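What follows is a set of notes on a single structure, which appears directly below.
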Amino acid sequence: MKNFIDLKYFLEVSVTTFVSFGLLYIIWLFFIISSETASGFNGSIMYIPHAARVLTICYFGITAIPALFVAQVFCTYIVGDVYGVNTLPFIDLLGTAFLSSICVLIAVYAMAGLGFKIRTLPFYEFTKDSIYLDLRNHKHIIMVTIFSAAVHALSIYIYNYVRGISTNPEMFVRFFTGDILGTLITIFSLSFMLYVFFRER
């Protein structure tokens, strides 16, 4: 029975994560990337799908990572290819998608080392002085967003540099600012819509 519950939870998290990332990716393509130059693409200045990474990892933990990886590969290879966003060979797409999928988890572990903890973070022994992150607090979500954006930008830049794909430092800047701006706009937009919805009720 426990195995069935675990499998059910994993499937629920996976579907929620995949759909969340997919919807934000499509919205990003239609409203953001259409106004940016896809040729020589070095990262969007407002990458809203990063919000799906932040929220799903914060709320679901490590369980969301497989779906994030599949969603990133699927959206980039199938949907993004139409808009010219995907210029990577498939093997490099898998590599960057993996780094993108785990960047929030790495950031949360880094924050845990600084004394912040989150209930969905596995395999970590906290001290009694550690401070729980409150996921209802926008300031805490912003902290996770900034840390994860830095990890993501740095890891993708290093990967592309080592693989000889791009050595342009603009990539780091655009990934870093794009992840932060995209996530904050998405989170505050969702908060506003939920506020209006519940206020009307």
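The values are calculated or read from the model by the stated rules, or taken from the named source; none is laboratory data. All figures in this text were calculated on a predicted structure; none of them were measured in a lab. Using ideal geometry, Cβ is built from the backbone for each residue, glycine included, and neighbour counts are taken over all protein chains shown. Surface areas here come from the heavy atoms of the whole protein model, side chains and all, with no ligands, DNA or RNA. Shrake-Rupley method; radii C 1.70, N 1.55, O 1.52, S 1.80 Å.
Annotations
- In terms of packing, defined here as the mean over residues of other Cβ atoms within 10 angstrom, the peptides 100-107, 19-26 line up highest first as 100-107, 19-26.
- By accessible area with a 1.4 Å probe, ligands and nucleic acids excluded, highest first: order of 46, 171: 46, 171
- The Cβ shell under 15 Å around residue 137 holds other residues with a net charge of +3, Lys and Arg each +1, Asp and Glu each -1.
- Nonlocal amide H pairs with residue 116, under 5 Å, H built at 1.01 Å: 131
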